[in-house]
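Scroll down for the structure; my scribbles are underneath it.
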Amino acid sequence: MNAADVGVVVAHPGQHLHLLAGQLYFGNTAARVHTLLGSCVAVTLWNPTRRLGGMCHFLLPSRHRPPGSGRDGRFGNESLEMLVEALLKAGTRPQDYQVNLYGGADTLPDMNGHKFNVGERNIEQGWTLIDHYGFVLQDVDVGDHVPRNVSMTFHDGQVQMRRGKSMKTR
């Protein structure tokens, strides 16, 4: 990750981080990382051998990045690219990580007969990137109409995901 990248969070030893949409963390200094998801998607990574991990929280699947501009964690393709770069710099490979994929709820009602499917597109991008990089998928909870709370502890790599109440209007 370089200085021009947007959304990278750095932790102090033992810190509890709350990731907002468009942010990501990778390392082993944070004690815990937490995020709340609607149509966004979170990907968690954990290397049990090296005790390294990370999480990203992206809003949109991708963008065509202008030449010379930094990467932006709000976009799935760039967020995962930054995480993979960080894990490679740490001397590890994507295959060494257990990965979880969460979120992508359908939170937006039909707008004048148009469906934006942001959550669905985010899920598809998450699947595509996990496969592209060769990660080992451990757990998935995506779609539906419910928000999710995701937290990960960095002393053991445990991920907890809680579903909230349905956001679907009736």
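The values are calculated or read from the model by the stated rules, or taken from the named source; none is laboratory data. This structure is a prediction, so every number in the text was calculated from the model and none was measured. All Cβ positions, even for glycine, are placed from backbone atoms using ideal geometry, and neighbour counts span all protein chains on display.
Some notes on this structure:
- Just one of (1) at pLDDT 95 or above; (2) in contact with a strand residue (DSSP E or B) (Cβ under 8 Å, 6 or more places away or on another chain) fails for residue 89. It is (2).
- Candidate set from segment 20-40 (those that are buried (at least 24 other Cβ atoms within 10 Å of the Cβ) and free of Cβ contacts under 8 Å to residues at least 60 places away in the same chain); member that is nearest to residue 70 (Cα to Cα): 24
- Segment 41-70: number of residues that are closer than 25 Å to residue 142 by Cα and in contact (Cβ under 8 Å) with a residue 24 or more places away in the chain: 19
- Residue satisfying all of: in segment 124-151; surrounded by 19 or more Cβ atoms within 10 Å (Cβ to Cβ) and under 11 Å from residue 41 (Cβ atoms); nearest to the chain's Cα centre (by Cα) among these: 126
- Residues located in segment 1-19, provided they are surrounded by 15 or more Cβ atoms within 10 Å (Cβ to Cβ) and either out of contact with any Ser or Thr (no Cβ under 6 Å at 6 or more places or on another chain) or farther than 19 Å from residue 81 by Cβ (or both): 1, 5, 6, 7, 8, 9, 11, 15, 17
- Filter result for the condition that a residue is farther than 25 Å from residue 120 by Cα, within 14 Å of the chain's Cα centre (by Cα) and modelled with pLDDT of 95 or more, over 53, 73: 53
- Segment 124-150, residues that are assigned to a loop (DSSP other than H, G, I, E, B) and among the acidic types (Asp, Glu): 144
- Only a single item in (1) surrounded by 18 or more Cβ atoms within 10 Å (Cβ to Cβ); (2) without any contact (Cβ under 8 Å) to a residue 40 or more places away in the chain; (3) assigned to a helix (DSSP H, G or I) is not met by residue 120, and it is number (1).
- Check on residue 5, over 18 Å from residue 133 (Cβ atoms), in contact (Cβ under 8 Å) with a residue 24 or more places away in the chain and acidic (Asp, Glu): no
- Considering 68, 38, 22, 76, the condition of being over 25 Å from residue 93 (Cβ atoms) and in contact with a Pro (Cβ under 6 Å, 6 or more places away or on another chain) is satisfied by 38 alone.
- Within segment 41-80, the set of residues being surrounded by fewer than 21 Cβ atoms within 10 Å (Cβ to Cβ) and among the small types (Gly, Ala, Ser) comprises 62, 68, 69, 70.
- Failed condition for residue 101, given (1) more than 15 Å from residue 61 (Cβ to Cβ); (2) of a type outside the set (Asp, Glu); (3) modelled with pLDDT of 95 or more: (1)
- Among the residues making up segment 81-105, those that are among the hydrophobic types (A, V, I, L, M, F, W, C), out of contact with any Pro (no Cβ under 8 Å at 6 or more places or on another chain), surrounded by 17 or more Cβ atoms within 10 Å (Cβ to Cβ) and part of a helix (DSSP H, G or I) are 82, 83, 86.
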